[in-house]
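Engineer: A single structure is presented below for examination.
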Amino acid sequence: MAEIIREGNLFHLRSARISYVMGLMPGGTLAHLYFGPALRQVNEKALLRHMGVAADGSFTLQGCYLDHLAQEYPSFGLGDMREGALAVEAPDGTNAVDLRFAEAEILNGKPALPGLPATFGEDCKTLRLTLRDARTGLEAQLLYTIFDDCDVIARSASIRNGSAEKMTVTRALSLCLDLPEADWDLITLNGAWAREREINRRHLMPGEQGAASRNGASSLQTSPFLALARPNTDENMGEALGAALVYSGNFLAQANVGQYGTARVLLGIHDRDFAWQLQPGESFQTPEAVLIYSREGLGGMSRAFHGLWQRHLLPPRWVNTPRPVLLNSWEAAYFDFDEDKLVDIARSAAEAGVELFVCDDGWFGHRDDDTTSLGDWYSDLRKLPGGIRRLGERVRQTGVQFGIWMEPEMVSPESDLYRAHPEWCIRIDGREPITARNQLTLDVGNPQVQDFIYDVVSTTLRESGATYLKWDMNRNFSNIGTAALPRDRQKELPHRYILGLYAVMDRLTRDFPDVLFEGCASGGGRFDPGMLYYVPQFWCSDNTDALSRCRIQYGTSLYLPTSAMGSHVSAVPNHQTGRVTPLESRFAVAVSGCFGYELDPRKLTEEERQALRGQVAFAHKTDKLRLTGAFYRLLSPFEGNDTAWMTVSPDQKEALFTLVRGHALPNDVPLLVKLRGLCPERRYLVEQTGEIYGGDELMYSGLCCQLPRGDAASLLYILKAVD
Ligand code: GLA
């Protein structure tokens with residue numbers, strides 16, 4: 001059971017496995033004391049390590065040495081020379097803020113954050129601390145939630161203008177974690193289109209380091225996440241701290257090492273292109289950040305993240321619901337289709353066992369390529385003479401559900417929408433519009449644009465009868481300006497955009513509770529916990545090559561669950577890499593995520609079509625395991641030629657094991673892979689080979705794996721407990 005204990009000047013959040021401790025310094029500054037394994041009690045004297053005058057005579061506040069003080073919500077301008085969490089322009093133009101403790105309140109459960117996605121749940125406790133700056137009247141309300149069932153602290157801040165004049169918040173991060181020393185490795189996820197979320201690990205160095213996005217979305221290039229791991233921490237052992245932001249826009253994820261060798265972790269909305277005006281009495285709510293502590297290595301950290309998202313963030317309607325196996329038309333037809341061709345593909349897919357056919361890009365306006373029509377969300381009657389209504393009907397007649405693609409946040413300059421509403425775009429008056437993929441971004445912060453998006457999406461869903469919507473977003477911000485905001489509020493645009501997006505997603509998912517929404521952003525360019533509050537699955541990458549996907553899905557699993565990773569079997573040679581891989585291996589990788597196809601089934605051989613039927617059956621047989629199981633990474637594609645992972649059911653009676661080899665090795669001996677997460681006392685049948693092993697044997701001695709010959713060979717095993 002999680003509890004929050006207030007004792008003297010200390011606040012102690014404690015669950016069965018973790019403690020988070022804060023304290024008040026003599027002047028009322030809120031200090032951080034501890035985050036780690038659960039403590040029975042904490043001595044208040046521990047706070048005094050920050051008192052006394054430093055040898056070099058640095059700044060002190062009420063006897064407390066600021067540049068060394070571990071703080072919960074540091075600001076700027078008082079003498080702490082490190083990066084802070086909060087910056088404002090006070091009415092007199094100055095920006096020093098001195099937050100002191102005002103009040104504390106302990107709540108059962110967890111309040112929702114206005115306008116923002118956040119973790120939820122009854123089985124948790126929340127501490128609300130109010131800090132106040134006496135001179136400006138500025139107030140910060142800090143929320144800390146501790147859960148019964150995961151080793152997580154969720155944090156956010158609300159900044160209130162308690163003065164009688166206007167103030168501007170220029171930085172308001174969600175989390176600051178000050179650690180007493182810096183002997184940690186920093187892990188971030190970095191990449192690019194078709195190469196999302198590569199794992200990068202290096203030892204912390206003096207100064208500032210980390211990850212950031214300034215392009216309007218959480219981005220293809222990095223993720224709103226960082227981890228700190230001890231140098232000897234590996235997948236299974238050692239300390240790891242993970243932090244992630246429940247947000248889909250610009251972010252800053254930083255670790256700083258200061259002059260005394262202390263480390264400061266900061267996470268929140270990036271302050272570039274950010275400023276927020278507060279009239280008297282108004283508040284600004286930061287997104288939520290979550291903080292995880294693991295003593296079971298990076299694997300333990302990842303499982304804690306996955307469990308948190310699964311139980312406390314993903315849409316409850318979908319989280320444990322088996323998803324239909326889908327076939328998406330993009331790599332099957334691109335823009336080159338008409339009604340008959342799509343129906344033909346759907347029929348062939350249905351025959352192979354597929355349950356949902358998705359019509360991707362190209363069905364609207366006059367869209368023959370990516371140069372026109374975004375915004376014109378009405379059927380292209382040249383290709384679909386009966387519109388999406390008849391297409392939907394005919395697809396359903398083949399025996400599958402119908403799904404559709406939209407990119408509602410965008411507009412092509414060559415479109416009726418742009419001609420009617422050029423002022424709805426993100427752009428700077430007098431500057432040449434900069435297009436990317438020949439398109440511009442609508443200002444989704446503008447309520448008129450939100451209504452437009454709601455209308456076109458709901459009309460499309462109603463008209464087509466679609467039970468699935470792929471919500472795409474394929475470009476980032478440039479020329480950041482909007483006609484919808486006055487000149488002194490232009491810097492509110494990027495955050496207002498994300499709030500607007502959340503508002504529309506909220507309305508649509510409430511009004512269409514049975515439509516399965518899948519997110520997409522040129523692949524995984526906005527695959528983040530913020531989006532996962534609304535959509536239960538996200539297209540992990542435009543790269544469908546099995547070997548590339550091993551890296552992408554392995555990296556993504558560091559903090560996001562495999563059950564949310566859109567993952568499809570595509571044709572060979574692969575359209576992104578030109579590589580030819582066996583169908584079995586493409587399946588083994590794709591079925592590790594949210595499974596489907598991205599190919600033209602009419603071009604398969606009869607034997608391959610037969611294999612597809614078996615694959616769909618396999619996917620459904622393992623649905624529950626894949627949705628609710630615990631994920632263990634076994635062999636890393638970032639460290640060697642092989643990738644292996646497994647998913648174990650909560651009762652440890654069933655597991656799915658996947659091994660994929662990169663290039664074939666000559667004169668090779670069998671590979672011994674040590675499994676994880678099984679019950680050592682149980683015996684397990686490997687269904688595909690008929691062999692039975694002890695759980696202890698599989699974990700401590702290993703499973704002997706003889707891979708087929710050839711590049712990108714794989715094994716995919718179901719293990720079942722037999723006693
Ligand atoms: C993006 C998506 C693809 C596909 C195309 C269509 O690139 O990531 O999956 O939908 O758009 O234009």
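The values are calculated or read from the model by the stated rules, or taken from the named source; none is laboratory data. Since the model is a prediction, treat every value here as computed from it, not as a measurement. When we count neighbours, we look across all protein chains shown, and the Cβ atoms used for this are built from the backbone with ideal geometry, even at glycine. Heads up: the accessible areas ignore ligands, DNA and RNA and are worked out on the full protein's heavy atoms, side chains in. Shrake-Rupley method; radii C 1.70, N 1.55, O 1.52, S 1.80 Å.
Engineer: Can you list the strands (runs of 3 or more DSSP E) found entirely within region 227-282 that contain at least 2 residues being surrounded by 23 or more Cβ atoms within 10 Å (Cβ to Cβ)? Before the answer, list the steps.
Structural biologist: Details: elements: 240-246, 251-257, 263-268, 276-278.
Strands (runs of 3 or more DSSP E) meeting the threshold: 240-246, 251-257, 263-268.
Matching residues to (1) modelled with pLDDT under 95; (2) surrounded by 21 or more Cβ atoms within 10 Å (Cβ to Cβ):
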position	(1), (2)
Glu7	yes, no
His12	no, yes
Pro37	no, no
Gln62	yes, no
Leu69	yes, yes
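Engineer: Any residue in region 522-537 that is open to solvent by 10 Å² or more (accessible area, probe 1.4 Å) sitting within a Cβ distance under 6 Å of a residue that is within 16 Å of the ligand (Cβ to nearest atom)? List the pairs, counting only those 6 or more apart or interchain.
Structural biologist: Ser522/Trp193; Ser522/Asn474
Engineer: For region 431-451, give me the residue count where each residue is more than 16 Å from the ligand (Cβ to nearest atom), out of contact with any strand residue (DSSP E or B) (no Cβ under 8 Å at 6 or more places or on another chain) and without any contact (Cβ under 8 Å) to a residue 60 or more places away in the chain.
Structural biologist: Within region 431-451, the first condition is being more than 16 Å from the ligand (Cβ to nearest atom), and the residues that meet it are 431-434, 442-451.
Within this subset, residues satisfying the condition of being out of contact with any strand residue (DSSP E or B) (no Cβ under 8 Å at 6 or more places or on another chain) are 431-432, 434, 444-448, 450-451.
Checking which are without any contact (Cβ under 8 Å) to a residue 60 or more places away in the chain leaves us with 431-432, 434, 445-448, 450-451.
Total satisfying the criteria: 9.
For (1) at pLDDT 95 or above; (2) more than 14 Å from the ligand (Cβ to nearest atom); (3) in a loop (DSSP other than H, G, I, E, B), each residue gets a yes or a no:
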position: Phe538; (1), (2), (3): yes, no, no
position: Ser548; (1), (2), (3): yes, yes, no
position: Gly566; (1), (2), (3): yes, no, no
position: Val569; (1), (2), (3): yes, yes, no
position: Val572; (1), (2), (3): yes, yes, yes
position: His575; (1), (2), (3): yes, no, yes
position: Arg586; (1), (2), (3): yes, yes, no
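Engineer: Ala212 passes all but one of (1) over 19 Å from the mean Cα position of the chain (by Cα); (2) of a type in the set (Gly, Ala, Ser); (3) part of a strand (DSSP E or B); which number fails?
Structural biologist: Exception for Ala212: condition (1).
Engineer: For residues that are open to solvent by 10 Å² or more (accessible area, probe 1.4 Å) and not in a loop (DSSP other than H, G, I, E, B), scanning just region 349-386, find the one that is nearest to the ligand (Cβ to nearest atom).
Structural biologist: Per the stated criteria, the residue is Ser379.
Engineer: Among the residues of region 695-716, is there at least one that is open to solvent by 60 Å² or more (accessible area, probe 1.4 Å) and within 27 Å of the chain's Cα centre (by Cα)?
Structural biologist: Scanning region 695-716 turns up no residue that is open to solvent by 60 Å² or more (accessible area, probe 1.4 Å) and within 27 Å of the chain's Cα centre (by Cα).
Engineer: Please go through region 177-193 and pick out each residue that is part of a strand (DSSP E or B) and open to solvent by 10 Å² or more (accessible area, probe 1.4 Å).
Structural biologist: Of region 177-193, the ones part of a strand (DSSP E or B) are 177-179, 185-190.
Within region 177-193, Leu179, Asp185, Asn190 qualify.
Engineer: Here is a further query. Any residue at all in region 112-123 that's in contact (Cβ under 8 Å) with a residue 40 or more places away in the chain, within 22 Å of Tyr34 (Cβ to Cβ), of a type outside the set (S, T, N, Q) and open to solvent by 50 Å² or more (accessible area, probe 1.4 Å)?
Structural biologist: No, region 112-123 contains no residue that is in contact (Cβ under 8 Å) with a residue 40 or more places away in the chain, within 22 Å of Tyr34 (Cβ to Cβ), of a type outside the set (S, T, N, Q) and open to solvent by 50 Å² or more (accessible area, probe 1.4 Å).
Engineer: Could you please find all residues in region 402-422 being away from the ligand (no atom under 16 Å from the Cβ) and open to solvent by 70 Å² or more (accessible area, probe 1.4 Å)?
Structural biologist: Across region 402-422, the qualifying residues are Asp416, Arg419.
Engineer: I've got another one for you. List pairs: first in region 460-474 and within 13 Å of the ligand (Cβ to nearest atom), second polar (S, T, N, Q) and open to solvent by 10 Å² or more (accessible area, probe 1.4 Å), Cβ under 6 Å, 6+ apart or cross-chain?
Structural biologist: Pairs found: Asn474/Ser522.
Engineer: So Thr136 ticks every box in (1) buried (at least 20 other Cβ atoms within 10 Å of the Cβ); (2) in a loop (DSSP other than H, G, I, E, B); (3) over 21 Å from the mean Cα position of the chain (by Cα); (4) modelled with pLDDT of 95 or more but one. Which box is left unticked?
Structural biologist: Going through the list (1) buried (at least 20 other Cβ atoms within 10 Å of the Cβ); (2) in a loop (DSSP other than H, G, I, E, B); (3) over 21 Å from the mean Cα position of the chain (by Cα); (4) modelled with pLDDT of 95 or more, Thr136 breaks only (4).
Engineer: Which condition number in (1) open to solvent by 10 Å² or more (accessible area, probe 1.4 Å); (2) assigned to a loop (DSSP other than H, G, I, E, B) is the one that Glu196 fails?
Structural biologist: Result: Glu196 passes all but (1).
Engineer: Then there is this: What's the total number of residues in region 662-684 that are surrounded by fewer than 16 Cβ atoms within 10 Å (Cβ to Cβ) and more than 26 Å from Ser548 (Cα to Cα)?
Structural biologist: Adding up the residues that qualify gives 2.
Engineer: Out of (1) within 16 Å of the ligand (Cβ to nearest atom); (2) not assigned by TED's automatic domain parsing to the domain that holds Pro536, the odd one out for Leu326 is which?
Structural biologist: Exception for Leu326: condition (2).
Engineer: Restricting to region 92-111, name every residue that is basic (Lys, Arg) and open to solvent by less than 50 Å² (accessible area, probe 1.4 Å).
Structural biologist: The first filter runs over region 92-111 and keeps only residues basic (Lys, Arg), leaving 100, 110.
Lys110, the sole residue that qualifies.
Engineer: Here is a follow-up. With Arg496, Arg487, Arg510 as the choices, which residue is within 22 Å of Asn474 (Cβ to Cβ), out of contact with any helix residue (DSSP H, G or I) (no Cβ under 8 Å at 6 or more places or on another chain) and either among the hydroxyl-bearing types (Ser, Thr, Tyr) or open to solvent by 10 Å² or more (accessible area, probe 1.4 Å) (or both)? If you could, list the steps in order and put the result at the bottom.
Structural biologist: Values: Arg487 fails: within 22 Å of Asn474 (Cβ to Cβ); Arg510 fails: within 22 Å of Asn474 (Cβ to Cβ).
Matching residue, one of Arg496, Arg487, Arg510: Arg496.
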